[in-house]
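> The following block contains the structure, expressed as structure tokens.
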Amino acid sequence: MAVITISRELSSLGTEISRQVANVLGYQYVDKDIVEAILQQYGLIEFDKLYQTAPGMWSRLDLMNIQMIQMLNKTMLAFARRSNAVVLGRGGFAVFKDFSDVLNVRVQAPFDVRVERTMKKILFKNKSEAEDYVREHDHVRQAFIQTYYSKNWDVASNFNLVIDTGIVPMENAVDWIVSAARELSKHPIRGKSTGDITVDSVLSRTIEEILQKTSLAA
């Protein structure tokens, strides 16, 4: 069993790459929609707001925020224990940093490349507005990871594989991640592994129900 976490910058093609990797490997794809649907079952309906807003001075001490992060972590761990999975974003690399059977990947691209890609997706008045949008997005993501996981979002040493899609074509990026995951699955497990994770039975049932609903809606 293996798990892949993919952390990506805005407009780095990380989301598209993640989906393709999951399809090629036949892994469960775990994105924001699935995670938020599960958290909502526990009454945690403010997670998207928490994730999309730069944490304030007291955010780390807020009880509701703490509960959401704890539940987020439990959910990602539960998916890892359930089966092979590709976990997109949500601080996955920090949650799984000590697991020997997890591949932590970062997908990035030069700022100007990301601005250009963003402008093709979203209508901006000018390039400066698009640049501000990308900078703010980066700031929010970095602040979230730093506040709740005490990790730097953009430090290469936090990852097993870093891919620059400003240079590397998307199909090559998919191939590299797939090859790395297959190689990882061959290695003997040393130390902590996803097989050691204990999952609450209620959470397990909730995950299965959400996945079933997602499958039926597809």
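> Please give the calculated 222 nm ellipticity per residue for the chain, where each DSSP H segment of at least 4 residues contributes -39500 (n - 2.57) and the sum is spread over every residue; nearest 500 deg cm²/dmol?
Taking each H run of at least 4 residues, the total per residue is -17500 deg cm²/dmol.
> Please check: in the Gaussian network model of the chain (C-alpha springs, under 10 Å), which one of Lys74, Lys97, Lys127 has the largest mean-square fluctuation.
It is Lys127.
> Tabulate in residue order the Karplus-calculated ³J(HN,Hα) for region 65-80, using 6.51 cos²θ - 1.76 cosθ + 1.60 with θ = phi - 60°, rounded to whole Hz; enter x for Gly and Pro.
For region 65-80, the Karplus-derived couplings read 5, 4, 4, 5, 5, 4, 6, 4, 4, 4, 5, 5, 5, 5, 5, 5 Hz, x marking Gly and Pro.
> Do you know the relative contact order of region 3-208, to the nearest whole percent, from alpha carbon pairs under 8 angstrom that are 6+ apart?
For region 3-208, the relative contact order is 36 percent.
> Under unit Cβ charges (Lys, Arg +1; Asp, Glu -1), what dipole magnitude, rounded to 20 debye, does the chain have relative to its Cα centre?
In total the dipole reaches around 280 debye.
> Calculate the FRET efficiency for Val199 and Met64 from the Cβ-Cβ distance with a Förster distance of 22 Å, rounded to the nearest 0.05.
0.45
> Given N residues in region 135-200, what is its alpha carbon radius of gyration divided by 2.2 N^0.38 Å?
For region 135-200, the normalised Cα radius of gyration is 1.46.
> Taking amide hydrogens as modeled 1.01 Å from N in the peptide plane, which residues meet the under 5 Å criterion relative to Leu103, leaving out close sequence neighbours?
So Leu103 has HN proximity to Val3, Ile4, Thr5.
> Expected output is a single nm value to one decimal: the length gained when fully extending between Ser215 and Arg190, i.e. 0.36 nm times separation in residues minus the C-alpha distance. What is it?
Difference between extended and current length: 5.5 nm.
> Still on this structure, please answer the following. What does a probe at His137 reach in region 104-122, counting residues whose amide N is under 18 Å from the point 7 Å along Cα→Cβ?
So the set is 106-122.
> Count the lysine pairs in region 3-208 that are 8 or more places apart or on different chains: how many have C-alpha atoms under 27 angstrom apart?
Close lysine pairs found across region 3-208: 22.
> At a 10 angstrom cut-off on C-beta neighbours, averaged per residue, how do the peptides 28-39, 101-112 rank from highest to lowest?
101-112, 28-39
> Could you pull the Rg and Dmax for region 3-208, using just the Cα atoms, both in Å?
17.0, 54
> Using θ = phi - 60° and the Karplus form 6.51 cos²θ - 1.76 cosθ + 1.60, what ³J(HN,Hα) does each residue of region 121-135 get, whole Hz, x for Gly and Pro?
Karplus values, whole Hz, x for Gly and Pro: 8, 10, 7, 10, 5, 7, 5, 4, 5, 5, 4, 4, 4, 5, 4.
Any read-out appearing in this document is the output of simple, stated calculations on the displayed coordinates, not a laboratory observation. Because the structure is a prediction, the values reported are computed rather than measured. Positions of Cβ are generated from backbone atoms using ideal geometry, with glycine treated the same way; all protein chains shown enter the neighbour counts.
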